[in-house]
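Report on one structure; see the data block that follows.
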Amino acid sequence: MSDPNQTDQCMLEAIRRGDGQAWARLIDEYQGRLLRFALTRVSQQADAEDVVQDTFTSFVRAIDKLQLKVSIETYLFGILRNEIVNRFRTQAAGTICLIQDIYHTRAEPNADNPLEQVAAGDPGVSWCLRHSEQEQLQREVLEQALRQFVADCRETSKLRDLKIAELLFYCKVPNQDVANLLALDDGLVRVIKHRCLKRIRDYCLKLCPPGDGSVCCSQDLLTETWESHRLSCPKRSTLGAFLLETLAPEWFDYVDFHLTTVGCRFCRASFRDLKEEQDGRQQDDFGRRIMASTVGFLSQT
Ligand SMILES: [Zn+2]
């Protein structure tokens with residue numbers, strides 16, 4: 001779902017050509033949600049505005065070299081998050097879900113290897129974990145595998161599996177706490193976790209180029225990949241339908257889970273922005289200031 005779509009690509013190309021209107025449209029579209037996100041990390045409005053302005057500056061300065069592997073929104077959120085971590089060093093800046101603050105489940109060194117554990121309990125499947133120099137390739141394989149896993153859960157309405165996977169892999173909540181949060185039996189959570197990991201691993205194996213056959217995976221890498229591509233984050237249009245309460249009940253329940261139980265900060269920022277948009281917010285001044293400070297970086301050709 002975070003695939004850079006045609007619209008993003010067109011917008012990027014227009015900005016590369018120095019199209020000021022396209023750049024103004026991009027600022028207008030994303031400033032609100034980025035500011036909402038910044039305000040969850042930085043208490044002062046002026047600091048939040050500064051860091052959002054810097055995010056747009058970094059984006060436009062890098063635009064010629066930029067290869068869009070994720071959506072513009074995901075890319076901008078990524079820059080913003082780094083800017084906040086680098087500038088403010090806030091303790092919670094690294095966590096992306098509210099629930100991670102409760103469970104203190106940030107990436108830790110020496111994390112266990114969930115896929116290896118599956119392999120150990122399932123000798124029938126050949127799963128090579130040898131180290132490879134092709135780290136980038138492995139990350140891409142894992143990303144594609146997770147993308148397929150999420151798409152499969154959605155298409156087959158396995159939303160309970162997706163919720164469990166989100167808590168385990170996106171938020172790193174321990175098994176027992178996942179069971180408590182979802183009012184499920186602890187053993188059932190373990191079974192579903194095993195099943196999800198097996199599917200992810202099987203997708204990895206299918207995606208591996210012939211002759212390679214190895215994807216090393218740690219819990220940290222799973223979480224990092226899930227988070228950096230926002231693999232299970234609902235689209236903005238879905239958040240809009242949630243706001244208008246036009247989603248089917250099971251999808252309404254899932255989006256509510258993502259926003260309130262997981263507490264995904266990216267989506268909460270987008271949601272707050274949508275809500276303000278609906279309430280007729282005025283943010284023209286801030287947008288104009290960003291435009292004035294960044295337009296000089298656009299190509300003059
Ligand atoms: Zn999200």
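The values are calculated or read from the model by the stated rules, or taken from the named source; none is laboratory data. Here the structure is a predicted model, which is why all the values come from computation and not from measurement. Note: ideal-geometry Cβ built from the backbone for every residue, glycine included; neighbour counts use all protein chains shown. The accessibility values were calculated without ligands, DNA or RNA, using every heavy atom of the protein model including side chains. Shrake-Rupley method; radii C 1.70, N 1.55, O 1.52, S 1.80 Å.
Odds and ends about this structure:
- The one condition from (1) in contact with a helix residue (DSSP H, G or I) (Cβ under 8 Å, 6 or more places away or on another chain); (2) open to solvent by 40 Å² or more (accessible area, probe 1.4 Å); (3) among the hydroxyl-bearing types (S, T, Y) that T156 does not meet is (1).
- Condition check for R190: open to solvent by 70 Å² or more (accessible area, probe 1.4 Å) and not acidic (D, E): yes
- When restricted to residues that are at positive phi and not small (G, A, S), region 131-185 contains 1.
- Evaluated against (1) surrounded by fewer than 15 Cβ atoms within 10 Å (Cβ to Cβ); (2) more than 12 Å from the ligand (Cβ to nearest atom); (3) over 28 Å from W23 (Cβ atoms), T225 falls short on exactly one condition, (1).
- Counted residues, region 13-47 - those being open to solvent by less than 70 Å² (accessible area, probe 1.4 Å) and assigned to a helix (DSSP H, G or I): 23
- Among the residues making up region 1-12, those that are under 26 Å from T95 (Cβ atoms) and open to solvent by 50 Å² or more (accessible area, probe 1.4 Å) are M1, D3.
- Those helices (runs of 4 or more DSSP H) of region 105-166 in which at least 2 residues are at pLDDT 90 or above, considering only elements entirely within it, cover 135-155, 159-165.
- Residues being outside the structural domain of L181 (by TED's automatic domain parsing), within 12 Å of the ligand (Cβ to nearest atom) and in contact with a Phe, Trp or Tyr (Cβ under 8 Å, 6 or more places away or on another chain) are represented in region 251-258 by at least one member.
- Screening Q176 with (1) farther than 30 Å from V141 by Cβ; (2) surrounded by fewer than 19 Cβ atoms within 10 Å (Cβ to Cβ); (3) within 14 Å of the ligand (Cβ to nearest atom); (4) not charged (D, E, K, R) gives one miss only, at (3).
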